[in-house]
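Working notes, structure below.
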Ligand code: FPP
């Protein structure tokens, strides 16, 4: 595309890890006079485009919030439809992941997912594990508080067994207990659909992430939207608590 924002992206300053709260599928479908699940189905195309664009640019890690712990409270029909969509998408997209050298991982309470989702997910993770390009992380049945509590329980057990003392617990130690222990923190967090919330997503890991909110509803999100978010990220001064002069020098 001639006017693509892609050419404005500095490949040496890409966010190493991008995390996305994909929101607005239901509203998108409603606007078109359709059932909510039509929005989720259309959201899969946006997932494909975004994953391909990020991998092609050279982004190291992309995390997608596909199903939260709180999403289990949705109507049963919507949950079932989302789970079937995950099963078919994992099946269909595996060749695409292989072609693009993408490694799949998952975070969340994977055990709580239906068996067919679990088996397709495990198969896709196993098959893509030798890939060396971008790591795509699906957050499924995920919530940050759940993850943090789980990490706390692991630490408490180590204290109980005498392996660790309370004094010894450091940020690094805590980070090591999280599901994301082998993944760098997100540098850019994108949320679609004009909502300004974090919704229990990666609360520990986004401490210094740049936040980017767009009005675009998830099914309409495409490559150019990703490029726009990255261009915006690259214009920001990341100070990590320091002053501007320190960062510039
Ligand atoms: C949020 O929109 C979206 C979800 C809860 C599900 C996201 C799932 C997909 C995009 C499809 C499957 C994903 C993969 C990775 C293959 P919403 O339903 O909350 O929309 P609303 O706020 O307009 O109601």
How many angstrom separate the Cα center of the range 1-41 from the Cα center of the range 56-79? 13 Å
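Assuming 0.36 nm per residue, please report the length gained on full extension of the stretch residue 2 to residue 30 beyond their Cα-Cα distance.
Working: separation 28, 0.36 × 28 = 10.08 nm, distance 3.28 nm.
Contour length minus the Cα-Cα distance gives 6.8 nm.
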Could you tell me which of rounded, prolate or oblate describes the range 32-103, using a ≥ b ≥ c as the square roots of the eigenvalues of the alpha-carbon gyration tensor, with rounded for a/c under 1.5 and, failing that, prolate when a/b is larger than b/c and oblate otherwise? prolate
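Return a whole-number percent for the relative contact order of the range 120-242, with Cα pairs under 8 Å and 6 or more residues apart as the contact set.
Details: 83 pairs, mean separation 27.0, N = 123.
Here the relative contact order equals 22 percent.
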Global form of the range 166-225, assessed from the alpha-carbon gyration tensor, a/c cut-off 1.5: prolate
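What relative contact order, as a whole-number percentage, does the chain give when Cα pairs under 8 Å and 6 or more residues apart are counted? Walk me through the numbers on the way to the answer.
Numbers: 376 pairs, mean separation 72.6, N = 249.
Answer for the chain is 29 percent.
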Given the peptides 176-182, 220-226, 231-237, arrange them by the average over their residues of other C-beta atoms within 10 Å, most packed first. 220-226, 176-182, 231-237
Which value in nm describes the separation of the simple spin-label points at residue 16 and residue 112, placed 7 Å from the Cα toward the beta carbon? 3.0 nm
Rank these for me by crowding, 13, 41, going from fewest to most other beta carbons within 10 Å. 13, 41
Selected from 187, 49, 99 as most flexible by GNM, with the chain as the system and alpha-carbon contacts under 10 Å: 99
If we sort 69-81, 19-31, 106-118 on the protection proxy, mean other Cβ atoms within 10 Å, highest first, what's the order? 19-31, 106-118, 69-81
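Taken together, the values in this text are just the output of simple stated rules run on the coordinates, not laboratory data. Predicted model only: the values in this text are computed from it and were never measured. All Cβ positions, glycine included, derive from the backbone under ideal geometry; neighbour counts span all protein chains shown.
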